[in-house]
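Note sheet for the following structure.
The values are calculated or read from the model by the stated rules, or taken from the named source; none is laboratory data. Since this is a predicted model, take the numbers as computed values, not measurements. Cβ: placed from backbone, ideal geometry, glycine included. Neighbour counts: every protein chain shown. Ligands, DNA and RNA are stripped out before the accessible areas are found, and what is left, the full protein with its side chains, is counted by its heavy atoms. Shrake-Rupley method; radii C 1.70, N 1.55, O 1.52, S 1.80 Å.
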Amino acid sequence: MIPFKIQSFILLKVSRVMPIHRLFRSINLFVMVGYLLFCAASPAAAQSTTSKPILRPVSVAGSADALDDRPFTKDLLDAVLTFRQLGLRDHQEALDRFGTEPVSRKFAQFNKSVFSTTDAANSWSFFFNTSVYAFGAPDSPRQVVAFYHPWCDVFLLLDWEKKNGRFWVTDAEIVLGDWIRNEKPVSMNPAPPWLEKTTFGPLSLGISVGQTIAAFEKRFVKQSRGGFRERLPSLKNGQALNEPNYRLAASRLLYMMLKIEVLGEQVETEGRLSDLWMETFRIVDQAAVGDWEALFKVAHKTLPTTKYVLKKLPPEKFRDLVIVDYYVEHRGWLVFLAPVFDAGFCFSLSFEPDENHQMHMRRIDFISFPVFYDHIVKREKKS
């Protein structure tokens, strides 16, 4: 069985001046309001501090060599990396280079069904830039590669086939995580499942990603034949794919993109967002120079295990962080940051109000997706 590793696909350099993704300004504002009324999810569950992350040491080694033992990795990895780099600039250029005609038609369908209210090029750039990826079994001729957006719980499944000495994308599908975990959507809640939990937000996110990738492995690594449609027969249900699958995927991705845009546009005029921005930038700046003692005096609720891990991380891990999600409430703020060059983990900053209702960062969490995956796999083996 091939061990799972999450690789980094975030290769673009991000300015140190602004720790957020590039802004998305081609959104139809009228449709935006309708979507937000439909997809707005209460972040209350993400703010709860009734649970704690898994208390176990984590490996902080890089993941660049994680796939060296797979015979197909070099050629396929090069192709996938190039596909993603092109997609960051213009997804059509990526399709022209690697997509077959049926896949080009499929992406055109995605543009109408999932990204109909946004600029498609910006939307795909956002998706690729904030997704991790996983490989299925190295079958010949078709090999499954998944881009997975942890915060939205949305998959892009791709079949890659080697023809005439090079790899091509021969099939593609966008599905919610429920299709991988349960073979079909089981929830109509527009919020991703990690937000439905009542536990601490970073813990819920880590568990959700671990469970989802473990389910992906069972379906696409342990089952050894065929492309993703053969190994996921429920995809034959075209009606379910369109409704509610595409609609929910669209609402989740649009909601996320709008939040990032609002943060960039209103940071100078909206007090809470401005404070969140400045405090986040200050913390990242301190972490980038290794000023942990000063940070931990403020973030005194940070777990001892997390402190140990953070001190072991090289400072450059904090020099290129982007805000990938955030929640602003009167009883607390929660910010998620991901490193530009390694999407296998993320950080979260938890803010709490003082007696004067001023927010202060009180806790830092390090969320390693492979660690949660390993924990869930080991637990399943014992049960």
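Overview of values
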item: Extreme residue, farthest from residue 379 (Cα to Cα), among residues of the range 197-240 that are within 24 Å of the chain's Cα centre (by Cα) and open to solvent by 60 Å² or more (accessible area, probe 1.4 Å); result: 229
item: The range 241-260 - residue that is open to solvent by 20 Å² or more (accessible area, probe 1.4 Å) and among the charged types (D, E, K, R) and, of those, modelled with the highest pLDDT; result: 247
item: Total residues in the range 315-337, condition open to solvent by 30 Å² or more (accessible area, probe 1.4 Å) and of a type in the set (Gly, Ala, Ser); result: 0
item: Test: residue in the range 338-353 that is among the aromatic types (Phe, Trp, Tyr), open to solvent by 20 Å² or more (accessible area, probe 1.4 Å), at pLDDT below 85 and not in a strand (DSSP E or B); result: yes
item: Candidates 325, 285, 374, 365, filtered to the one that is in a helix (DSSP H, G or I) and either under 26 Å from residue 262 (Cα atoms) or aliphatic (A, V, I, L, M) (or both); result: 285
item: Residues satisfying the stated conditions in the range 210-237, i.e. farther than 15 Å from residue 182 by Cβ and not in a helix (DSSP H, G or I); result: 221, 222, 223, 224, 225, 226, 227
item: Selected residue (criterion: nearest to residue 361 (Cα to Cα)) from residues of the range 288-306 that are part of a helix (DSSP H, G or I) and open to solvent by 60 Å² or more (accessible area, probe 1.4 Å); result: 297
item: Neighbours by Cβ (under 8 Å, 6+ apart or cross-chain): first from the range 287-299, in contact (Cβ under 8 Å) with a residue 40 or more places away in the chain and of a type in the set (D, E, K, R); second open to solvent by 20 Å² or more (accessible area, probe 1.4 Å) and outside any helix (DSSP H, G or I); result: none
item: Residue 267, sole failed condition from (1) farther than 30 Å from residue 160 by Cα; (2) open to solvent by 30 Å² or more (accessible area, probe 1.4 Å); result: (2)
